[in-house]
Amino acid sequence: MPASSLNYKHLYYFWVVAREGSIAKASQVLHLTPQTISGQLSQFEDTIKVRLLQKHGRGLALTESGQLVLRYATDIFYLGEELQEALKDTRTGRRQRLVIGILDSIPESIAYKILEPALKLGKDLTFNCIEGPLDKLVSQLAVNSLDVVIADAPISANYNIKTYSHLLGESSISFFASHYRAANYRKHFPQCLDGAPMLMPSDASSIGRAVKQWLRDNDLRPKIKGYFDDSALLKAFGKAGEGIFFMPSVIAKSVIQEYNVRAIGKVDELTERYYAITAHRRISHPAVAAIYETARESLFSAHD
């Protein structure tokens, strides 16, 4: 069916009916008679040649095709609302605002590198960065309190919330040690990890769980000296020589410079992925688009 044959007025009527739960309630929102809406929906179904609604008790229920059309309609009309807001900002000269949720297990250096392209847009943009656990961030995204969530894993179906996970890229994992211990460790990596003191992220970190499994698979048993929710605190302990730690290789240079540590080895089979989670399939916010495009084209594109 060509796009020109899709009647968006009929699609909008269907969307309101599905959202309100009945034709009677939709008629109050649309200021139309129930008979008019019912007739328009019948025409719409005839045009697209599928049934969207079926009787369920005294009310109506969406068919499987109706659920599909509803998902697309929601994206279409929410995007239209975003367009109106963006045009309003342009007309009034109002500063654009970007509200970002950042998973608390993501290192600050990675978060900054991911978000940096938005700072270079050359537009007035106000940032609001909110750090927290995934459950909290996803619930805020669901009610449009956040524009995007930066996470280290896609949203699973267990959340039962409509979101879209856009892969930004991935990085291998590098291991680091204090300056005065690195030379000895580097000679025998990764066997040097067996029995060595190690600092680990909390179990909430997906890469922490992956590293634990990799250690078991390679029969390596380091002495875990501590678990950390805060990656900056973990690196500070590593700088003080309290143990070996690991970070994404994409920030290896900044870790070495900032914490005066040395890389002792890299494991290409261990990778950490990063995602931009949005409530809509299409990325419409220009700052989020800049983040996504730069991450895909340059930040994670080169081999680390």
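The values are calculated or read from the model by the stated rules, or taken from the named source; none is laboratory data. Treat the numbers as computed from the prediction; the structure is a model and nothing was measured. Please note: Cβ atoms are built from the backbone with ideal geometry, for glycine as well, and neighbour counts cover all protein chains shown.
Within the range 216-275, the set of residues being over 30 Å from the mean Cα position of the chain (by Cα) and within 26 Å of Leu299 (Cα to Cα) comprises Lys239, Asn260, Val261, Arg262, Ile264.
How many residues does the range 238-251 hold that are buried (at least 19 other Cβ atoms within 10 Å of the Cβ) and touching a strand residue (DSSP E or B) at 6+ places or on another chain (Cβ under 7 Å)? Quick ask: steps written out before the conclusion?
Filtering the range 238-251 for residues buried (at least 19 other Cβ atoms within 10 Å of the Cβ) gives 238, 243-251.
So of that shortlist, the ones also touching a strand residue (DSSP E or B) at 6+ places or on another chain (Cβ under 7 Å) come out as 238, 243-250.
The total comes to 9.
Among the residues that make up the range 215-223, is at least one of them of a type outside the set (Gly, Ala, Ser) and over 16 Å from Pro190 (Cβ atoms)? Within the range 215-223, none of the residues are of a type outside the set (Gly, Ala, Ser) and over 16 Å from Pro190 (Cβ atoms).
From the list Thr271, Thr278, exactly one residue is hydroxyl-bearing (Ser, Thr, Tyr) and surrounded by fewer than 20 Cβ atoms within 10 Å (Cβ to Cβ). Which is it? It would help to see each step written out before you state the result.
Values: Thr278 fails: surrounded by fewer than 20 Cβ atoms within 10 Å (Cβ to Cβ).
After ruling out the rest, the residue left standing is Thr271.
Total residues in the range 147-162 satisfying the condition of being surrounded by 21 or more Cβ atoms within 10 Å (Cβ to Cβ) and free of Cβ contacts under 8 Å to residues at least 60 places away in the same chain: the figure is 0. Here is a check on your reading of the model: is Asp229 of a type outside the set (A, V, I, L, M) and under 20 Å from Ile150 (Cβ atoms)? So Asp229 fits the description; yes.
Only one of the listed residues (Ala142, Ala118, Ala157) is farther than 24 Å from Lys239 by Cβ, aliphatic (A, V, I, L, M) and in contact with a Leu (Cβ under 9 Å, 6 or more places away or on another chain). That residue is Ala118.
Answer yes or no as to whether Ser298 is farther than 15 Å from Pro107 by Cα and either hydroxyl-bearing (Ser, Thr, Tyr) or modelled with pLDDT under 90 (or both).
Numbers: farther than 15 Å from Pro107 by Cα: yes; either hydroxyl-bearing (Ser, Thr, Tyr) or modelled with pLDDT under 90 (or both): yes.
So Ser298 passes the test.
Candidates in the range 163-202 are the residues that are among the basic types (Lys, Arg) and surrounded by fewer than 16 Cβ atoms within 10 Å (Cβ to Cβ); of these, the one that is nearest to Val149 (Cα to Cα) is Arg186. Residues that are in contact with a helix residue (DSSP H, G or I) (Cβ under 6 Å, 6 or more places away or on another chain), farther than 18 Å from Lys113 by Cβ and at pLDDT below 95 do occur in the range 212-234.
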